[in-house]
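Colleague: One structure, as structure tokens, below. Some questions next.
The values are calculated or read from the model by the stated rules, or taken from the named source; none is laboratory data. Keep in mind it's a predicted model, so treat the numbers as computed, not measured. Ideal geometry is used to build each Cβ from the backbone, glycine not excepted, and the neighbour counts take in all protein chains shown. Each accessible area value is taken on the protein alone, full model and side chains, heavy atoms only, with ligands, DNA and RNA left out. Shrake-Rupley method; radii C 1.70, N 1.55, O 1.52, S 1.80 Å.
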Amino acid sequence: MATIPEPGRKIYPARADPIRIVPLYHAGDAGQPTAEAAAAAVAPPQLSYRNGPLLTAVEVFTIFWGAPWQQSQQPLVGQINQFFDSILTSPLIAQLAEYSVPGKLIGHGSRVGTITITTPTPRHSVSDTAIQHLLQQEISTNAAIPQPTPNSLYFVYLPPGVRAVQGGSASCQAFCGYHSDISGAIFYAVVPYAGCTGCLGGLSTLDALTSTSSHELCEAITDPIPGRGWYDDANGEIGDICAWKTKKVGQYTVQLEWSNRENKCL
């Protein structure tokens with residue numbers, strides 16, 4: 001039976017455009033590039049602005065999908081929410097100000113809430129289309145989830161044993177997280193549980209999740225509609241250029257992000 005949304009709550013059509021990912025970790029990713037990679041580099045990265053939206057004061061809402069987040073993984077829920085509470089007003093966000101444009105000044109953000117959803121139960125493989133449908137359904141029917149604003153960013157966390165599938169590829173096989181949008185109206189990121197060597201990158205589970213989350217956070221702020229904000233046709237988004245290069249901000253592990261101004265990962 002079709003769900004009738006509450007008055008004022010709109011369900012947007014799903015969008016199947018390509019999305020940006022956190023690639024799997026490979027030994028040496030955090031060090032110097034290989035000779036092959038260096039030879040392949042035609043020009044240094046340079047992000048250019050494509051006139052799309054930016055999330056100038058990002059409003060993060062975390063969604064933990066699956067019963068394990070209320071059971072064995074419950075401690076991680078609080079730790080991830082505390083990570084956002086800290087990092088959204090940290091120097092990591094402040095460094096993104098260089099990507100401000102007239103009328104769009106990037107500043108600090110905030111976490112506006114969290115929820116754990118246990119129904120429907122996620123299957124072993126969850127497609128991006130299914131995640132989009134879940135988001136739209138919950139936004140339209142669940143009063144605990146805020147309506148999208150121009151700065152909203154919904155972070156969807158998948159539990160252990162559940163992989164995300166998009167574009168014919170799967171998490172822990174080709175990627176560790178991604179972000180996208182639905183019709184330019186709903187911005188979201190997907191972070192599967194870091195349950196494989198390629199998505200741990202030698203880090204603890206929490207550190208791997210915060211690293212991947214910071215990658216997607218900074219990309220969603222600067223390029224919420226992939227390829228229409230700050231983008232480099234050869235190298236991708238701000239986080240892609242610096243994948244698996246990490247640093248500590250306070251107590252949290254985050255990924256370095258590309259700086260056009262400094263011409264390096266910061």
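Colleague: With an 8 Å Cα cut-off and a minimum separation of 6 or more residues, compute the relative contact order for the stretch 79-187 in percent.
Modeller: RCO, the stretch 79-187: 21 percent.
Colleague: Report the Cys residues of the chain lacking a disulfide-compatible partner, meaning no second Cys Cβ under 4.7 Å from their Cβ.
Modeller: Cys218
Colleague: Same structure, new question: Counting only helical runs of four or more DSSP H residues, what would the 222 nm mean residue ellipticity of the chain come to if each run contributes -39,500 (n - 2.57) and the total is spread over all its residues?
Modeller: Taken over the chain, the calculation gives -6500 deg cm²/dmol.
Colleague: Which value, in Å², gives the accessible area per residue of the chain when a 1.4 Å probe is used on the protein heavy atoms?
Modeller: Counting only protein heavy atoms, the per-residue value for the chain is 43 Å².
Colleague: Mind giving me the FRET efficiency for Lys247 and Leu206? R0 is 22 Å, r the Cβ-Cβ distance, nearest 0.05 is fine.
Modeller: Numbers: r = 16 Å, r/R0 = 0.71.
The value I calculate is 0.90.
Colleague: So, with a 1.4 angstrom probe, what is the percent of accessible area on the stretch 94-172 that is carbon and sulfur?
Modeller: 55 percent
Colleague: Let me ask something additional. Enumerate lysine pairs in the chain that are 8 or more residues apart or on different chains, then count those whose Cα atoms are under 30 Å apart.
Modeller: Pairs that pass both the separation and distance tests number 8.
Colleague: Right, something else. List every residue whose amide H lies under 5 Å from the amide H of Thr116, counting only residues 5 or more places away in sequence or on a different chain, with H placed 1.01 Å from N in the peptide plane.
Modeller: Sorted by chain and number, the residues that satisfy this are Phe64.
Colleague: Would you calculate the separation in nanometres between label points at Arg228 and Ser183, each defined as 7 Å from the Cα along the Cα-to-beta-carbon direction?
Modeller: Distance between label points: 1.3 nm.
Colleague: Please compute the contact order of the chain in relative form: average sequence separation of alpha-carbon pairs under 8 Å and at least six residues apart, divided by the residue count, as a percent.
Modeller: Working: 515 pairs, mean separation 75.6, N = 266.
Reported as a whole number, the value is 28 percent.
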